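Student: Shown below is the structure under consideration.
Throughout, read-outs are computed from the coordinates displayed, never taken from laboratory work. What you are looking at is a predicted structure, and each value in this text was computed from that prediction instead of being measured. Virtual Cβ from ideal backbone geometry, glycine too; neighbours counted across all protein chains shown.
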């Protein structure tokens with residue numbers, strides 16, 4: 001196939017991805033699912049066969065994976081990794097390890113070999129960061145308790161991609177225990193060398209290049225340099241006999257600790273999106289829609305098993321970390337799907353003959369079904385939380401103290417920056433202000449101001465039964481999540497009908513919904529920003 005024919009094939013695949021992605025967005029699905037569907041329809045076995053350059057497109061798409069790992073590394077500066085906190089890192093690591101072990105055990109029960117079971121576990125323990133993040137943003141749940149938990153686990157999963165990408169080729173080579181141990185030592189030695197080279201080159205040379213005025217003033221040069229770094233580090237790891245993922249990820253982490261991380265991330269994002277679209281389209285071309293339909297009961301059964309087991313495992317892990325049961329279930333529902341890196345690991349496992357074509361098709365097909373289910377699962381998660389609180393007899397409070405709290409005149413639900421600003425002028429009357437927040441950090445800040453603090457879930461009716469709210473005149477709800485703020489509003493109107501309820505709404509779109517639910521005043525982030533911009537314009541036009 002000549003270059004012009006290949007170009008036509010790429011254009012056809014991208015056009016199909018655009019159409020399918022637009023349809024998925026209209027259906028409130030992730031566009032990434034649309035790209036997979038487009039690949040299934042226009043190329044590969046059992047399709048319309050409009051795209052026939054599978055091998056060439058897959059080779060190009062692998063570049064998208066390298067740049068994806070490079071950009072993930074940019075997100076993981078050492079400071080950010082430490083900032084996740086020991087409990088978050090431990091919960092995320094436990095999720096990856098326990099899910100891998102569970103999938104390994106279930107695979108053994110179905111007659112797979114030990115190495116095949118490990119490979120299947122590695123594929124299934126990861127979730128889709130891109131799909132979950134997009135869905136949480138679209139549904140306004142990015143700042144909810146289960147949304148924050150999901151993002152934290154997904155970040156740890158992204159870090160786990162690198163060791164898993166090293167594990168699969170290692171299993172493919174087989175051998176005795178001494179041989180495997182020798183290969184591990186070789187990998188460790190080569191990895192140390194690659195990391196050392198990247199550290200010297202990136203921190204001693206490249207950072208100075210970025211600091212050069214001639215480069216920093218020309219964005220096209222930073223784009224080219226960023227791509228060279230990402231792809232060059234990928235090639236270096238491959239040349240050293242290591243997983244290319246290691247080089248790309250480590251290079252990103254080193255630059256992520258520099259002052260140029262944000263700029264580089266923005267510069268490579270457009271090309272990364274293009275190549276990532278080709279990657280998802282190429283993955284879709286692997287799936288056979290005819291095979292999926294003829295084996296639909298198997299595909300749906302495997303997908304349901306994956307969603308159920310992963311949800312239960314995440315639920316158990318977070319309950320052990322003293323997270324309320326409703327939030328723990330919702331978190332499990334959000335990250336119960338199989339992620340995009342499973343397709344990369346699956347390709348490696350299939351190429352290394354760890355799993356056969358039938359198994360690979362079944363896992364890929366079931367994974368696509370789980371991705372389709374993700375927007376619905378995220379959407380229903382808040383209702384599951386409310387149902388558990390209503391019928392499960394769960395107390396939303398994590399506070400170990402007993403007895404009723406003193407009466408309060410002002411009840412503030414949520415103590416982030418908005419909550420702190422709302423009571424900044426009430427410090428002198430702190431005894432009559434009660435702060436309710438699920439974040440121990442928020443309550444700690446509230447108590448330093450002299451306010452009463454209660455670690456509790458404001459969306460659980462039982463929380464209010466333990467409080468003396470007879471003197472409460474004002475309720476201020478500053479929760480960023482629309483569904484959580486609405487649930488807290490309805491409970492406040494039920495338990496404190498005579499109080500004036502003031503609600504913070506991040507978006508003007510939801511103001512009417514809060515007013516109809518009983519809020520007396522709704523103030524929005526968009527309104528505040530608009531007023532601030534208007535004041536700034538007036539100040540500039542009419543300086544005193």
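Student: Relative to the longest principal Cα axis of the chain, at what angle does helix 325-334 sit, 0 to 90 degrees, rounded to 10?
Tutor: Roughly 30 degrees, rounded to the nearest 10.
Student: What order do you get for 125-133, 98-106 when each peptide is scored by the mean count of other beta carbon atoms within 10 Å, highest first?
Tutor: Order by mean packing, descending: 125-133, 98-106.
Student: Still on this model: So how tilted is helix 244-256 from the main axis of the chain? Cα-based, degrees 0 to 90, rounded to 10.
Tutor: 40
Student: Output needed for the stretch 86-202: three equivalent-ellipsoid semi-axes, defined as square roots of 5 times the C-alpha gyration tensor eigenvalues, in descending order, whole Å.
Tutor: For the stretch 86-202, the semi-axes come out at 30, 22, 11 Å.
Student: Rounded to the nearest 0.05, what FRET efficiency is calculated for residue 320 and residue 19 with R0 set to 41 Å and r the Cβ-Cβ distance?
Tutor: Using R0 = 41 Å, I get an efficiency of 0.35.
Student: So for the stretch 96-227, averaging the separation of alpha carbon pairs under 8 Å that are six or more residues apart and normalising by length, what relative contact order in percent results?
Tutor: In percent, rounded to a whole number, it is 15.
Student: How do 159, 285 rank when sorted from fewest to most other Cβ atoms within 10 Å of their own Cβ? Walk me through the numbers on the way to the answer.
Tutor: On the way: 159 20, 285 26.
Arranged by neighbour count, lowest to highest, 159, 285 become 159, 285.
Student: Cut-off is 10 Å between beta-carbons; in what order do 360, 35, 507 appear when sorted fewest neighbours first?
Tutor: Listed from fewest to most nearby Cβ atoms, that is 507, 360, 35.
Student: Restricting the calculation to Cα positions, tell me the Rg (one decimal) and the Dmax (whole number) of the chain in Å.
Tutor: Using the Cα atoms of the chain, the pair Rg, Dmax is 25.9, 82 Å.
Student: Next question. Report the Cα-based extents of the stretch 410-541 along its three principal axes, largest first, to the nearest Å.
Tutor: Result for the stretch 410-541: principal-axis Cα extents of 53, 34, 24 Å.
Student: Need the full-extension length gain, residue 274 to residue 4, defined as separation in residues times 0.36 nm minus the C-alpha distance. One decimal, nm.
Tutor: Once the chain is fully extended between residue 274 and residue 4, it gains 95.3 nm.
Student: May I ask for the angle, rounded to the nearest 10°, between helix 261-286 and the longest principal axis of the chain, with both axes built from Cα atoms and the value confined to 0 to 90°?
Tutor: Around 60 degrees separate the two axes.
Student: Which whole-number percentage describes the relative contact order of the chain, with Cα contacts under 8 Å and a sequence gap of 6 or more?
Tutor: Answer for the chain is 17 percent.
Student: Most exposed first by the Cβ proxy, i.e. fewest other Cβ within 10 Å, how do 513, 141, 357, 348 rank? Each step should come with its number before you reach the end.
Tutor: Values: 513 16, 141 25, 357 11, 348 22.
Listed from fewest to most nearby Cβ atoms, that is 357, 513, 348, 141.
Student: Moving on. Pop the C-beta distance of residue 449 and residue 470 into the FRET formula with R0 = 25 Å and round what comes out to the nearest 0.05.
Tutor: 0.55
Student: Quick check: residue separation of residue 28 and residue 87 times 0.36 nm, minus the Cα distance between them. What number comes out in nm? Walk me through the numbers before you get to the answer.
Tutor: On the way: separation 59, 0.36 × 59 = 21.24 nm, distance 3.30 nm.
Stretched fully, the residue 28-residue 87 segment lengthens by 17.9 nm.
Student: Separate question: Given R₀ = 30 Å, what would the calculated FRET efficiency be for residue 98 paired with residue 500, taking r from the Cβ atoms and rounding to 0.05?
Tutor: Once rounded, the FRET efficiency stands at 0.05.
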